[in-house]
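What follows is calculated from the coordinates using simple rules that are stated; it is not laboratory data. Not measured: the values here are computed from a predicted model. Don't worry about glycine lacking a Cβ; one is built from the backbone with ideal geometry, like all the others, and counts go over all protein chains shown.
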Amino acid sequence: MTKRFNTGYKITVIILSILVAMLIGAVILIAIGADVLKTYLVILTEPLKNKIGITEVLLRMIPLTIVALGITVAYRSGIINIGAEGQMAIGILATTAIALLFPNLPSYVLIPFAILAGALGGAFWGFIPGFLKAKLEVSELLSTVMLNYIAAQLYTFFLRGPMLDPAELTMGSGTPQSMRLTRNLDLTRLIPGTRLHSGIFIAIALALLIYLLLWKTSYGFKMRAAGAQERAARYGGINVPKYLIIAMVISGAFAGMAGAIEIAGVHRRAIEGVTSGYGFSGIVVALFGGLHPAGILPAAFFFGLLLYGADMTQRLVGVPANMVQVLQGVIILVIVSSKMILANPYLQQRVETKWLALTKQSRKEVQA
Amino acid sequence: MEHTTRTINSLRVEHITKRFPGVLACDDISLSIGKGEVLALVGENGAGKTTLMNVLMGLYHPDEGKIFINDEEVHFKSPNDAFACGIGMVHQQYMLVPNMTVLENIALGYKQAWKGLKLDLALVRRQVKDVIGKYGLTVDPDAYIWQLSVGEQQRVELVKTLCLGARFLILDEPTSALTPQETDELIVLLKRMAGELSIIFISHKLQEVKDLSSKVAILRHGKVVFQGTTSDHSSSDIAALMTGHEVVLPHNTGEACCLGPMLQLKNLKARSDRGFLALDDLSLYVCKGEIVGLAGVSGNGQRELAEVINGLRHVESGQILFDGQDIANFTPAQVIDAGMGYIPEERNTEGIVPSFSMKENFILKDSTSSQFNRHAFLNNKEIDRNANELREKFDIRSPNIEVAAGSLSGGNIQKVILAREISRNPKFLIAVYPTRGLDMGAAEFIHKQLLQKRNEGVGILLISEELDEITNLSDQVAVIFKGKIQKVLPSSKASRRRLGILMAGVKDDEEI
């Protein structure tokens, strides 16, 4: 009973925090003169009304999930990775390079190879702040954010220079993008007429993998110990700096993979703006999902819904899609506050007593 | 609530009951204290003492029961209400701002001195002087908090509470962080104050209960099991009532014999966090099957010594020979693998991962051992079995093995650490303040376990400030002062007086 109550309590608090966030969002919507009810209705229901809408939500769920899983590994190990955006960009560059260099490899070799390259690229970009933190105590908040800028410039440099589509040169339009990558890299589209690709299975498999890693293996045990109480971990003989670096490498690798899969599954070429804030939204998804794969999957779906729904509001109600970013910010604030509520066992006790009293009463009424 | 300055002639609580998730913390408690009385509130960890005091302070609302001051019922909605009635509390953790002076700290809470944005420090100074003069407290109002020792900080807390108008003092384990000398001073001071104030103090140490209190109330499992006049009862009576059984702290009765050195420290030098030499050419050895008690006022290098041996602090020079092998500057994992057990000083932040479950904490050092691990995957069945076995064997009181270790009481946390360290079958054990803040029952248990390990041939370095603990358990007593060993003497020759002199840094010449 208590355990069931516990889970129920947590879910209720999270749902309440969504409602509070939406209320605060409503104030902003009123301020810009929008129709609040209609806007929310569009965001939350319009995408789910047809096949295309649903698949587009699922499509956005893929990078969100993978990035959030990586963030979770870092967060649980005591390091906050805000650099997923940059790690994703480097991952995309690595994947693109492989695809450009080996266009004739068969799919079953090229796809794993390219995704691995993306993972390695992201891992390298995650290793830098991890190493700096472990060895020199450089704050990861600073280093990851700064590396985001460097990655963004590198990305632009490669797309405008070495990787620029030769066709753009001849046409002279100069759009910074790579050429259409080889078809051998394409991830299968699952439903004809939609963009949903097989990357969704990779995302779900990775969620399972992270669950096993963090909660079922000794590596995860050590990482979580290092993150939960560094002193005790050190005392227990755990090499905390080593696991910090490993965690950041994994975190970066996941962001890089998210980028690689986004390229192979959706865009099929490296273009500007592929990362489109997934690196940051991933942090929100990870926190919203309770830093646990089982929570991240639904959280990623919810944010996929918000992102796609926001595109629709722009068209249907004339509310700028950026509103979703405002909502995201509000949700982060509300979630952090709701953590305080969750951490208060006395409040929980009071709620439980009242709940028990209520259910007893209603049961009596039913009997009568 | 009106701020009154009336004296408190009596304080009475009736039928106070307070429930927490899964626990009945206070169960129908009734107590009364008159003017000039000192009530000692004793009981094991988790008996409900602190909860009761928090109810008196308005931090918690009782589920049932009433509080009366001067026979008038009062309701405390917040600590401010309790304070307005003249009840002041000095907590175990002092609430002072380190980089402000004593005067500024007191001014922070002194509402009368604030006029808009202007602060009348002169008024505060007068008030502080008044209080200091009245009770003979020695505090320099212009000293910075960080310059003061723990004992001095506590006096600042007292002055602060009194300046703000407290006429009824609650002290939560006031001596737990003090040195023996500071404890004696505090007791003299509180006795003097008791002439004008009523005091409730919480304590585990029966000696000070005898010395200071006029009345004693014993709590067990949230109930008052005994109330009476202190002078009518001996310490051992009180101890027996507290735990529900006769408590005899065990003594080391074994023959002191050296079965060969196990741990040899040679000319160790190491620096503290602040960069000064915390260990200065320290040498000491401990044999197999021997307990060496390391006595000393805390801050003389004890923490650094324990960390250096366990690979948690860099050794500048010197050797640590462990079973013949030099383990100086090994990593913590290597030291653990060499067979070292360590009960650290900070049990809540270093000895356990508080958010981890009890069973996870049991394998903190062994997550990769073949017992709990197969191909990198944790063997949950074995982990559960191990946890249940240890929980039973070490009498750890918790609802189950899944509870977060940090939610356990201090005594039970210490048992978790002890269980882990002992079950790993170490060759040597370092125990730092193993019973600090624990009640008699838990201390008895831990002492017995340490003695049993000694008799099994494990060498133990016991670092403690409790002289009784050291003399009861040790074969040899070493005294540390400013990072050096002052003297090593057999336990039989280590009288309290002699140890006290050595701990103060005076060279011992009794034998010459």
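Quick notes
- Label-zone membership for the range B:323-366, site B:ASP395, 7 angstrom Cα→C-beta point, backbone N under 18 Å: none
- Added length on full extension, which subtracts the Cα-Cα distance from 0.36 nm per residue, B:SER407 to B:ARG12: 139.1 nm
- FRET efficiency, B:ASP468 to A:ALA205 (Cβ-Cβ, R0 51 Å, nearest 0.05): 0.25
- Length-normalised contact order for the range B:155-264 - Cα pairs under 8 Å, 6+ apart - percent: 18 percent
- Cα pair distances of the range A:40-318 binned at 10 Å [whole percent]: 7, 29, 34, 22, 7, 1, 0
- Taking a sphere under 15 Å around the Cβ of B:LEU96 and counting the other residues whose Cβ falls inside, with K and R at +1 and D and E at -1, yields a net charge of -3.
- Binning the alpha carbon pair distances of the protein assembly as shown at 10 angstrom intervals from zero yields the distribution 2, 10, 16, 19, 19, 16, 10, 6, 2, 0, 0, expressed in whole percent.
- Dividing the radius of gyration of the alpha carbons in the range B:252-369 by their Kirkwood radius gives 0.98 for Rg/Rh.
- C-alpha long axis of helix B:121-135 to longest principal axis of chain B, angle in °: 80 degrees
- Relative counts (whole %) of C-alpha pair distances in the range B:45-198, using bins that are 10 Å wide: 10, 37, 36, 15, 2
- Euclidean distance between Cα centres, the range B:30-58 to the range B:433-491, Å: 31 Å
- Vicinal HN-Hα couplings computed from phi for the range B:446-459 (Karplus, 6.51 cos²θ - 1.76 cosθ + 1.60; Hz; Gly/Pro x): 5, 4, 4, 4, 5, 5, 4, 4, 4, 5, 7, x, 7, x
- Computed over chain B: relative contact order in percent, which uses C-alpha pairs under 8 Å that are six or more apart: 15 percent
- C-alpha center-to-center spacing [the range A:194-228, the range A:1-75] in angstrom: 22 Å
- Computed lengthening from B:ARG192 to B:LYS269, 0.36 nm per intervening residue step minus Cα-Cα distance: 23.3 nm
- Relative intensity, log₁₀ I(q)/I(0), of the range A:214-323 from a Debye sum that treats every alpha carbon as a point, q = 0.16, 0.18 Å⁻¹: -0.90, -1.03
- Take each residue in B:342-350, count the other chain C-beta atoms within 10 Å of its C-beta, and the mean is 3.
- Cβ-Cβ distance of B:GLN92 and B:ALA376, R₀ of 30 Å, FRET efficiency by 1/(1 + (r/R0)^6): the value works out to about 0.10.
- Shielding by partners - mean other protein chain Cβ count within 10 Å, residues of A:217-223: 6
- Shape call, the range B:1-104: gyration tensor on alpha carbons, a/c limit 1.5: oblate
- In plain terms, the residue of B:THR230, B:THR7, B:THR161, B:THR253 with the fewest other Cβ atoms within 10 Å comes first and the most crowded comes last, giving B:THR253, B:THR7, B:THR230, B:THR161.
- Cβ-to-Cβ counts within 10 Å put B:CYS163, B:CYS26 in ascending order as B:CYS163, B:CYS26, the fewest first.
- Inter-chain neighbour count for A:236-249: the average number of beta-carbon atoms from partner chains within 10 Å of each residue's beta-carbon is 3.
- Scaled against the 2.2 N^0.38 Å expected of a compact globular protein of N residues, the Cα radius of gyration of chain B reads 1.04.
- Over 21 Å (Cα to Cα) - which of A:LYS216/B:LYS415; B:LYS66/B:LYS223; B:LYS115/B:LYS160; B:LYS359/B:LYS448; B:LYS415/B:LYS482 fall in this group: A:LYS216/B:LYS415; B:LYS359/B:LYS448; B:LYS415/B:LYS482
- In sequence order, calculated HN-Hα J values of the range B:73-80 (Karplus, 6.51, -1.76, 1.60; Hz; x Gly/Pro): 6, 10, 10, 9, 8, 8, x, 4
- Near B:GLU14: Cβ cut-off under 15 Å, other residues only, Lys/Arg at +1 and Asp/Glu at -1. The net charge is -3.
- Per-pair calculated FRET efficiency, R0 = 60 Å: B:HIS61 and B:VAL506 via Cβ, rounded to 0.05: 0.70
- Helix A:240-262 and the longest principal axis of the C-alpha atoms of chain A enclose an angle of approximately 70°.
- Sorted fewest first by neighbouring Cβ atoms within 10 angstrom, B:PHE276, A:PHE201, A:PHE303, B:PHE76 come out as B:PHE276, A:PHE201, B:PHE76, A:PHE303.
- Tilt relative to chain A, helix A:323-342 - C-alpha long axis, 0 to 90 degrees, to 10: 40 degrees
- Computed label-point distance, nm, for sites B:GLU316 and B:ASP130 using a 7 Å Cα→Cβ extension: 5.1 nm
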